[in-house]
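Structure first, commentary second.
The values are calculated or read from the model by the stated rules, or taken from the named source; none is laboratory data. It should be emphasised that the depicted structure is a prediction, and the values quoted were computed from it without experimental measurement. Cβ: placed from backbone, ideal geometry, glycine included. Neighbour counts: every protein chain shown. In case anyone asks, the SASA skips ligands and DNA or RNA and just uses the protein heavy atoms, side chains included. Shrake-Rupley method; radii C 1.70, N 1.55, O 1.52, S 1.80 Å.
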Amino acid sequence: MRRMGEGDMQISPDKTFPVSWDMFHRDARALAWRLATIGGFSAIVAVTRGGLVPAGIVARELGIRVIETVCVASYHEETERDTIEVLKPLTDTILSRPSEEVLIIDDLVDTGATAKAVREMLPKAHFATVYAKPQGLPMVDTFVTEVSQDTWIYFPWDTGLSFQAPIRKTQRGSRRG
């Protein structure tokens with residue numbers, strides 16, 4: 001299942017995992033706790049756009065002031081495989097550091113295609129995500145929550161406030177009771 005892009009109107013997946021701002025902040029701080037036990041990081045690379053928010057939270061919690069971005073776009077509908085385009089590569093600020101000191105942060109690893117492309121740029125860096133799906137797990141060193149591959153995560157920056165029907169009423173074949 002692909003991530004929803006700006007041009008998409010709506011997705012109706014079978015399984016959804018809505019994440020509020022409070023939940024996301026809590027989970028990003030949990031990621032920072034796990035990373036604090038590893039230590040030794042002097043810089044963060046946020047994978048845009050999803051990695052921007054957790055990178056800011058982790059940077060604050062770990063006291064890291066050097067934050068860089070790598071901007072990538074993935075295309076799913078035109079091809080059967082993920083195609084990754086690097087829109088903004090890493091700068092010398094990051095590339096001149098020992099990659100073992102670099103922490104790569106993203107919100108989610110899904111198929112692992114984006115993570116693989118970024119890992120090739122910094123093979124010894126530590127890759128951390130807040131959420132992880134099974135196909136992408138081999139690309140990640142640290143994560144907080146695993147969700148099934150067929151679950152669609154609704155991040156707080158992608159949603160607005162609206163009523164959510166109870167799960168029981170949204171399941172196919174459910175009866176009113």
Among residues of the range 60-69 being open to solvent by less than 40 Å² (accessible area, probe 1.4 Å) and part of a strand (DSSP E or B), the residue nearest to Gly39 (Cα to Cα) is Glu68
When the range 21-35 is checked residue by residue, the ones that are surrounded by fewer than 20 Cβ atoms within 10 Å (Cβ to Cβ) and in contact with a Ser or Thr (Cβ under 7 Å, 6 or more places away or on another chain) are Asp27, Arg34
Among (1) at pLDDT 95 or above; (2) open to solvent by 50 Å² or more (accessible area, probe 1.4 Å); (3) among the aromatic types (Phe, Trp, Tyr), Tyr75 falls short only on (1)
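Quick test for you: out of Leu122, Leu108, pick the one residue that is within 19 Å of Val86 (Cβ to Cβ) and within 10 Å of the chain's Cα centre (by Cα).
Checking each option against the conditions leaves just Leu108.
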When every residue in the range 18-48 that is under 28 Å from Leu87 (Cβ atoms) and part of a helix (DSSP H, G or I) is compared, the one modelled with the lowest pLDDT is Trp21
Among residues of the range 36-59 being under 13 Å from Ala125 (Cβ atoms) and of a type in the set (Val, Ile, Thr), the residue surrounded by the fewest Cβ atoms within 10 Å (Cβ to Cβ) is Ile38
